Ligand SMILES: C[S@@+](CC[C@H](N)C(=O)[O-])C[C@H]1O[C@@H](n2cnc3c(N)ncnc32)[C@H](O)[C@@H]1O
């Protein structure tokens, strides 16, 4: 098992994602955002840790202007191709360095935020909360403290710490799961939270 985030080979992971279906978290988030965003269907989305752009494409095809961030430079070519066709604006940045995000109707992050170390995670979470517009939807995967990777250098949360992150937001769906399974690079015990919340 890798002991720190910098050991993880996200470029190999991302290269293998091209043909997979859009994640349920993104589908559900778009449904909810459509209920609460502008009447003309337009809106702004942010995706943190976009990988090869599967979810970003889906968001843009559903009428959103999408701002994507990922540290993996190997996805730049795919993201540039996506930007040529759809309103997708990509930047290659470490989320730990991110200080600003555009005002957003939807913030999505699939399987990424746990790889940001604390206290950078706390600063990033504040930036996300600040950029979320009233009625905006926040849809994220987070990992729990029973996860096999919880002793590595990312952010792995107890249930109470997780709930505290959403203070002041309306939690629409919170799914906590523990299971033995596989990661991209081997067997693993997963402890995950899938959360969709809305700013009042
Ligand atoms: C497990 S992949 C998930 C990718 C995609 N969201 C998906 O669901 O398939 C994690 C993604 O987060 C990116 N990532 C991890 N740590 C990051 C960081 N500190 N800053 C920016 N991106 C990061 C990786 O490059 C990778 O694309």
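Bear in mind that the values in this text are calculations on the coordinates, not laboratory data. Given the structure is predicted, the values throughout are model-derived calculations rather than measurements. Note that each Cβ is placed from the backbone with ideal geometry, even for glycine, and that neighbours are counted across all protein chains shown.
Brief remarks on what is shown
- Convex hull volume of the range 108-194 per residue (C-alpha atoms, cubic angstrom): 92 Å³
- As a rough guide to protection, the peptides 183-191, 152-160, 46-54 ranked by mean Cβ packing within 10 Å, highest first, stand as 46-54, 152-160, 183-191.
- Rel. contact order, % - alpha carbon contacts under 8 angstrom, at least six apart, the chain: 20 percent
- Look at the alpha carbon pairs under 8 Å that are at least 6 residues apart: their mean separation over the length of the range 25-133 gives a relative contact order of 29 percent.
- Relative packing of 108-118, 19-29, which averages over residues the other C-beta atoms within 10 Å, highest first: 108-118, 19-29
- Residues residue 179 and residue 35, FRET efficiency given R0 of 30 Å [Cβ-Cβ distance, rounded to 0.05]: 0.45
- Across q = 0.15 Å⁻¹, the chain modelled as identical point scatterers on its alpha-carbon atoms has Debye log10 I(q)/I(0) values of -0.91, in the order of the q list.
- Counting DSSP beta bridges with both ends in the range 24-198, the antiparallel % (nearest 5): 50 percent
- Estimated from helical segments only, the mean residue ellipticity of the chain at 222 nm is -8000 deg cm²/dmol, where each DSSP H run of four or more residues counts as -39500 (n - 2.57).
- Spacing of the modelled spin labels on residue 99 and residue 160, each 7 Å from Cα toward Cβ, amounts to 3.5 nm.
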